Amino acid sequence: MELKYYERLTQQAIGLIDGETDFIANLANLSALLNMELDDINWVGFYLYKENELVLGPFQGKPACIRIQLGKGVCGTAFSTNTVQRIDDIHQFSGHIACDAASNSEIVIPFYRNGVLTGVLDIDSPNIARFSEIDEKGLVDFMKEAEKRL
């Protein structure tokens with residue numbers, strides 16, 4: 001994929017959520033948009049920080065783990081270190097939490113609301129090494145634009 005693809009996707013996201021004040025509704029539409037537009041993924045959604053853990057938020061895909069401890073798994077690591085985690089083979093990631101056995105790669109992007117680290121965007125794929133540097137940059141930019149409207 002090219003960055004232009006993500007620029008278009010970001011514009012679609014802005015169109016969906018701009019002016020809407022309901023946080024959960026906006027996350028639901030963002031997860032639906034990403035699920036509809038991204039190829040070779042099997043789960044996309046949000047985990048939200050609540051009471052010192054990550055709790056499942058709006059998503060598209062099979063039922064998922066509801067609670068993730070900070071520092072555990074790819075999502076907990078991304079949040080606790082405030083860094084993007086782009087994992088080519090999740091089976092090689094120490095402490096991986098297997099919510100869906102069909103998932104083989106994952107990208108997790110921490111995001112903010114009103115300047116406060118609020119949660120993570122989590123996207124899984126059945127393909128090994130599904131997510132490239134371009135995907136990472138495009139999705140980080142997507143979330144930075146979304147953050148301004150959440």
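So, Ile109, is that one within 13 Å of the chain's Cα centre (by Cα) and at pLDDT 95 or above or not? Show your work before the answer.
Working: within 13 Å of the chain's Cα centre (by Cα): yes; at pLDDT 95 or above: yes.
It is true that Ile109 is within 13 Å of the chain's Cα centre (by Cα) and at pLDDT 95 or above.
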Check your understanding: Which of (1) of a type in the set (Ser, Thr, Tyr); (2) open to solvent by 40 Å² or more (accessible area, probe 1.4 Å); (3) closer than 15 Å to Leu121 by Cα does Thr77 not meet, given it meets every other one?
Key -> (2)
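Table: residues versus (1) among the β-branched types (Val, Ile, Thr); (2) closer than 21 Å to Lys144 by Cβ.
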| position | (1), (2) |
| --- | --- |
| Gln12 | no, yes |
| Val74 | yes, yes |
| Ser94 | no, no |
| Ala101 | no, no |
Check your understanding: For Ala13, all conditions in the list (1) part of a helix (DSSP H, G or I); (2) of a type outside the set (Ser, Thr, Tyr); (3) out of contact with any helix residue (DSSP H, G or I) (no Cβ under 7 Å at 6 or more places or on another chain) hold save one; what is the number of the exception?
Key -> (3)
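Does the stretch 132-144 hold any residues that are of a type outside the set (Ser, Thr, Tyr) and either open to solvent by 10 Å² or more (accessible area, probe 1.4 Å) or out of contact with any strand residue (DSSP E or B) (no Cβ under 7 Å at 6 or more places or on another chain) (or both), and which are they? So that I can check it myself, show each step before the final result.
First pass over the stretch 132-144, keeping only residues of a type outside the set (Ser, Thr, Tyr): 133-144.
Within the stretch 132-144, Glu133, Ile134, Glu136, Lys137, Gly138, Val140, Asp141, Phe142, Lys144 meet the criteria.
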Review point. Looking at (1) modelled with pLDDT under 95; (2) within 14 Å of Gly119 (Cα to Cα), can you tell me which one Ala102 breaks?
Key: (2)
Exercise for review: Return the only residue of Leu54, Leu30 being of a type outside the set (Gly, Ala, Ser), under 19 Å from Ala146 (Cα atoms) and either open to solvent by less than 70 Å² (accessible area, probe 1.4 Å) or not in a strand (DSSP E or B) (or both).
Suggested key: Leu30
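Looking at Asp100, Asp122, which is the one that is open to solvent by less than 70 Å² (accessible area, probe 1.4 Å), among the acidic types (Asp, Glu) and within 27 Å of Lys4 (Cα to Cα)?
Working: Asp100 fails: within 27 Å of Lys4 (Cα to Cα).
The unique qualifying residue is Asp122.
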Revision key, fill the gap. Taking the stretch 20-37 and keeping only residues that are in contact with a strand residue (DSSP E or B) (Cβ under 7 Å, 6 or more places away or on another chain) and under 19 Å from Glu7 (Cα atoms), one is left with Leu27, Ser31, Ala32, Leu34, Asn35
Check your understanding: For the stretch 103-119, how many residues meet the condition of being open to solvent by less than 70 Å² (accessible area, probe 1.4 Å), over 13 Å from Phe79 (Cβ atoms) and outside any loop (DSSP other than H, G, I, E, B)?
Key -> 3
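For the stretch 34-48, how many residues are assigned to a helix (DSSP H, G or I), in contact with a helix residue (DSSP H, G or I) (Cβ under 9 Å, 6 or more places away or on another chain) and open to solvent by 10 Å² or more (accessible area, probe 1.4 Å)? Even if it seems obvious, please write down each step before you answer.
Taking the stretch 34-48 and keeping what is assigned to a helix (DSSP H, G or I), we get 34-37.
Imposing the further condition that a residue be in contact with a helix residue (DSSP H, G or I) (Cβ under 9 Å, 6 or more places away or on another chain) reduces the set to 34, 37.
Next, from what is left, pick out any that are open to solvent by 10 Å² or more (accessible area, probe 1.4 Å): 37.
So the answer is 1.
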Check your understanding: Does the stretch 65-73 contain any residue that is surrounded by fewer than 19 Cβ atoms within 10 Å (Cβ to Cβ), among the β-branched types (Val, Ile, Thr), out of contact with any Phe, Trp or Tyr (no Cβ under 8 Å at 6 or more places or on another chain) and in contact (Cβ under 8 Å) with a residue 24 or more places away in the chain?
Key -> no
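The values are calculated or read from the model by the stated rules, or taken from the named source; none is laboratory data. Because the structure is a prediction, the values reported are computed rather than measured. Reconstructed Cβ throughout: ideal geometry from the backbone, glycine too, with neighbour counts over all protein chains shown. For the accessible areas, the whole protein counts, side chains as well, though only heavy atoms, and no ligand, DNA or RNA atoms are used. Shrake-Rupley method; radii C 1.70, N 1.55, O 1.52, S 1.80 Å.
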